[in-house]
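Laboratory data are not the source of any read-out in this text; all were calculated from the coordinates shown. Just so it is clear, the model here is predicted, and its values are computed rather than measured. For neighbour counting, all protein chains shown are included, and Cβ atoms are generated from backbone atoms with ideal geometry for every residue, glycine included.
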Ligand code: GLU
Ligand code: MG
């Protein structure tokens, strides 16, 4: 966005506060807000932030084992191209930010800079990624018993649409006013569960859009007397909140995942990318399913996927090869990565997918045979013969896999991985020390 246009909007919309928001490695959108009169200074030098803030857990706890301690400073540097007036909060605007060194260079823990690095790597090989994060979330209303899901109805039920309707249209309007194209809307399988797929975007914008999407869903809910939860598994009895990542690789003019002669219209590039993803699972899941609660979502026959495999339009597979729409196959064939949930940091999650996929392309990894059934319906022996592994049972298992994964370690950099492992292990210890419903209290409204 041009500077003059931004200043015009600040004036005309009577903006009092501009938020500079960054997505922390812990998955929480954080930031500091400034007065419009300080715009010049903020754009020139950023806003101060203690380095250790990027190492804190979702409980704002800093592990004594962390490399970063309360000495040392970085800067929150808003990206002017992401400026938006908040349609749901009069007087407020937002920019998304990188976290940089005092000299304005990329900082080693900034998730947004990491994604830019991976996008440059792709670009050097003549490729770009298009992606969309497909969130599910739970809409809650205030009752005498506390915050409860707005419905106890069915998946895609029009009666559930009626119950959510006072929230949905303001939400769609707020998303579209910020340039997010809403593709569909439907209530999902869990009580109060909603899904609003949005149009895919090129790499960085896709991750930025995910931050804006969650900010907007939460803000519109609050403005209309509701609350939302992005927690992956609110209750063992409810369908989980997933955040599948749809993606495809493109050169300047075509979808590199599409080959009309390939089985299921998939190219070699698509197969090798999937080969990389399956090879690097479960380490990848440390970034795409990054909370202790994430692992409660992976239950057989709950459509979350729970075994390492791929299949055409298979909603119980790690990667669903999504069929193209008739007449638009070349534009619409894409892959859907399913073991992701909305507690992820989208920059880290997309970086991890690209890192694994590029390794698959480089080494021409094969993804194995497509799975044409629900893996839970196979015997353990059949799954073994197809090289299908059950997902890690908990976050620590995914972190250990990450710790041992040399491709992700070198792709992300040692210091970033060490810091992430230290932070997430501190989070696990904290959750373990809580009472029975501690996990719910800890995660329900934080993301
Ligand atoms: N709620 C399911 C999950 O946990 C996904 C259902 C679907 O959209 O296929 O991922
Ligand atoms: Mg869904």
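So how do 83-89, 353-359, 435-441 stack up, highest first, on mean other-Cβ count within 10 Å?
353-359, 83-89, 435-441
If each of residue 202 and residue 429 carries a label point 7 Å out from its Cα toward its Cβ, how far apart are those two points in nm?
It works out to 4.4 nm between the two label points.
Order these by the 10 Å Cβ neighbour count, fewest first: 415, 63.
Fewest-to-most ranking of 415, 63: 415, 63.
Evaluate the relative contact order of the chain (contact order divided by residue number), counting alpha-carbon pairs under 8 angstrom at least 6 apart; express in whole percent.
Relative contact order for the chain comes out at 17 percent.
Between residue 143 and residue 61, what is 0.36 nm times their sequence separation minus the Cα-Cα distance? Round to one decimal in nm.
26.3 nm
Grab the DSSP H runs of the chain that are 4 residues or longer, score each as -39,500 (n - 2.57), total them, divide by all residues and round the 222 nm result to the nearest 500 deg cm²/dmol.
Counting only the DSSP helices, I get -10500 deg cm²/dmol.
For labels at residue 3 and residue 162 in the simple 7 Å Cα→Cβ model, what's the distance in nm?
Label at residue 3, label at residue 162, 5.5 nm between them.
Running a GNM on the chain with Cα contacts under 10 Å, which residue among 97, 317, 41 ends up with the highest mean-square fluctuation?
Checking each option, the largest mean-square fluctuation is seen for 41.
Can you compute the label reach from residue 123? Point 7 Å from Cα along the Cβ direction, backbone N cut-off under 18 Å, restricted to segment 173-210.
Counting only backbone N, you get 201-209.
Under 1.5 on a/c is rounded, so check that first for segment 259-316, then, if it is not, pick prolate when a/b is larger than b/c and oblate when it is not; a ≥ b ≥ c are the square roots of the alpha carbon gyration tensor eigenvalues.
Oblate shape, in that a/c is at least 1.5 and b/c is the bigger or equal ratio.
Order of 112, 227 from fewest to most other C-beta atoms within 10 Å?
Ordered from fewest to most neighbouring Cβ atoms within 10 Å, 112, 227 come out as 227, 112.
Quick one: in the chain, what % of C-alpha pairs are over 32 Å apart?
So the portion of pairs separated by more than 32 Å is 37 percent.
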